[in-house]
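Asks: Dropping the structure in here first, questions after.
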Amino acid sequence: MFPLDGGLPGQIWKSHQPHWIEDISQTSESTFLRAEIAAECGLKTAFGVPIVSENEVLTILVFFKRSQMPQDAKLLQLISAIALQLGLLMRRKQAEDALRQLNQELQRLANLDGLTQIANRRYFNQVFQVEWQRLKREQQFLSVILADVDYFKLYNDYYGHQAGDECLKQIAHALEASVRRPADLVARYGGEEFIIVLPNTIGEGAVQVAEKIQKAIANLQILHQRSNVSDRVTLSLGIASIVPSADIEPGRLIATADRALYEAKANGRNTFRVRQFQSSILTPTPDPQP
């Protein structure tokens, strides 16, 4: 950065006009900063032109010549014309960058759940379809976990909707902290339901994630005096795994996780159940311990 109260760039910045110094060695410090150093480098003449757009100096072009040269009006006119075009291009580039950043921010916001600030269902659908197709080509496992807050309606009725919103935020952050691979995704599926996408993950790996999730929720210690399963907030989880193939609809994996979630609720809640596809036939795995 250069000072705005002195030197060649400072003068140009304040005046918005080109400035020419025919002999640097004959100028004062206020006219050309570090004139002695310039002389040691063999620089004789210096001139600068501002790049201006909408009455704002965007930057300054400064040129040097090793031989002394009187002011050349035609050269200044030519460089000023170039500077004008550069100013228009720079302003357009700034506008394009600002628009690009705005679009990126709008896209980010469109993919986020407004309350919890994690991925929303729309973004989940996009990611899920991409991962399904990728893992179908690679013939690798894809697992999903559906999570539902136990007795959340009773929580809302007793503590109020503001407390319910805060509860969902804390759960969302705990879920995100429980999955660490870049390809994993945690999304709000709707209401008090969340969904976790685990690419390249077999059922056993998804179970390990579910166990981490339950520990993370337990560590939150959110009081829930109206729960019929615990005096703290808990989750029920449904897990499903599959190697995607052309003869299986992607929605079947989610439906299977939903069925496993229903089984977890039917078995007392605050637990998880697993279902896995094998040779296109749905088979339940043995029930894990709560």
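The values are calculated or read from the model by the stated rules, or taken from the named source; none is laboratory data. Computed from a predicted structure; not experimentally measured. Reconstructed Cβ throughout: ideal geometry from the backbone, glycine too, with neighbour counts over all protein chains shown. Protein only, heavy atoms only, side chains kept; ligands, DNA and RNA dropped before computing areas. Shrake-Rupley method; radii C 1.70, N 1.55, O 1.52, S 1.80 Å.
Asks: Taking all pairs of distinct Cα atoms, average 1/r, flip it, and tell me the Kirkwood hydrodynamic radius of segment 79-213 in Å to one decimal place.
Replies: 17.6 Å
Asks: Sticking with this structure for a sec: Looking at the chain as a GNM with Cα springs under 10 Å, which of LEU106, LEU89, LEU185 has the largest mean-square fluctuation?
Replies: Answer for the Gaussian network model of the chain: LEU89.
Asks: Mind checking which aspartates and glutamates have their C-alpha under 19 Å from LYS136, skipping anything on the same chain fewer than 8 residues away?
Replies: In chain and number order, the partners are ASP184, ASP247, GLU249.
Asks: Between LEU58 and residues 5 or more places away or on another chain, which pairs have amide H atoms under 5 Å apart, with H built 1.01 Å from N, and which residues are they?
Replies: Amide H neighbours of LEU58, under 5 Å, 5+ apart: ILE51, VAL52, SER53.
Asks: Across segment 67-76, in residue order, what do the Karplus-derived ³J(HN,Hα) couplings come to in whole Hz, using 6.51 cos²θ - 1.76 cosθ + 1.60 with θ = phi - 60° and x for Gly and Pro?
Replies: 10, 5, 9, x, 4, 10, 4, 5, 5, 4
Asks: Applying a 10 Å radius around every beta-carbon, put 19-26, 207-214 in order of their mean neighbour count, most first.
Replies: Taking the mean over residues of other Cβ atoms within 10 Å, the ranking is 207-214, 19-26.
Asks: Please compute the modelled spin-label separation between GLN17 and ASN228, points set 7 Å along Cα→Cβ, answer in nm with one decimal.
Replies: Inter-label distance under the simple model: 8.6 nm.
Asks: Same structure, new question: Is it possible to state the helix-based mean residue ellipticity at 222 nm for the chain, with each DSSP H run of 4+ residues giving -39500 (n - 2.57), the sum divided by total residues, to the nearest 500 deg cm²/dmol? What is it?
Replies: -15000 deg cm²/dmol
Asks: Give me the distance in nm between label points sitting 7 Å out from Cα along the Cα-to-Cβ direction at SER67 and LYS215, one decimal.
Replies: If labels sit at SER67 and LYS215, their model points lie 7.9 nm apart.
Asks: Considering just Cα atoms, how many Å³ per residue does the convex hull of segment 44-87 enclose?
Replies: So the per-residue Cα hull volume is 64 Å³.
Asks: Per residue, how much accessible surface does segment 138-264 expose to a 1.4 Å probe? Answer in Å², no decimals.
Replies: 44 Å²
Asks: Calculate one ³J(HN,Hα) per residue across segment 102-109 by plugging θ = phi - 60° into the Karplus curve 6.51 cos²θ - 1.76 cosθ + 1.60, and present them in order as whole Hz with x for glycine and proline.
Replies: 5, 4, 5, 5, 5, 5, 4, 5
Asks: At 37 °C and 0.692 mPa s, grab the translational diffusion coefficient of segment 1-132 from Stokes-Einstein with a Kirkwood Rh over Cα pairs, rounded to a whole number in µm² per second. Write out the running numbers ahead of the final one.
Replies: Values: Rh = 18.3 Å.
It diffuses with D of about 179 µm²/s by this estimate.
Asks: Please provide three numbers in whole Å: the alpha-carbon extents of segment 108-150 along the principal axes, with the largest listed first.
Replies: Principal-axis extents of segment 108-150 (Cα, largest first): 36, 29, 10 Å.
Asks: Could you give the nm distance between label points at GLN162 and ALA246, where each point is 7 Å from its Cα heading toward the beta carbon?
Replies: Distance between the two pseudo-spin positions: 5.8 nm.
Asks: Where both partners of a DSSP beta bridge lie in segment 181-279, what percent of those bridges are antiparallel, to the nearest 5?
Replies: 55 percent
Asks: For q = 0.13, 0.15 Å⁻¹, what log10 I(q)/I(0) does the chain give under the Debye formula with an equal point scatterer on each alpha carbon and no solvent?
Replies: So the normalised log intensities are -0.84, -1.07.
Asks: While we're on this one: Sequence-distant or interchain residues sharing an amide H contact under 5 Å with ILE222, placed H: which?
Replies: Long-range HN contacts for ILE222: VAL233.
Asks: Also: When the chain is treated as a GNM, springs tying every alpha-carbon pair under 10 Å, which of TYR158, TYR262, TYR189 comes out with the largest mean-square fluctuation?
Replies: Per the Cα network of the chain with a 10 Å cutoff, TYR158 tops the list.
Asks: Can you list residues from other chains, or at least 5 along the same chain, whose modelled amide H is less than 5 Å from the amide H of TYR189?
Replies: Answer set, sorted by chain and number: PHE194, ILE195.
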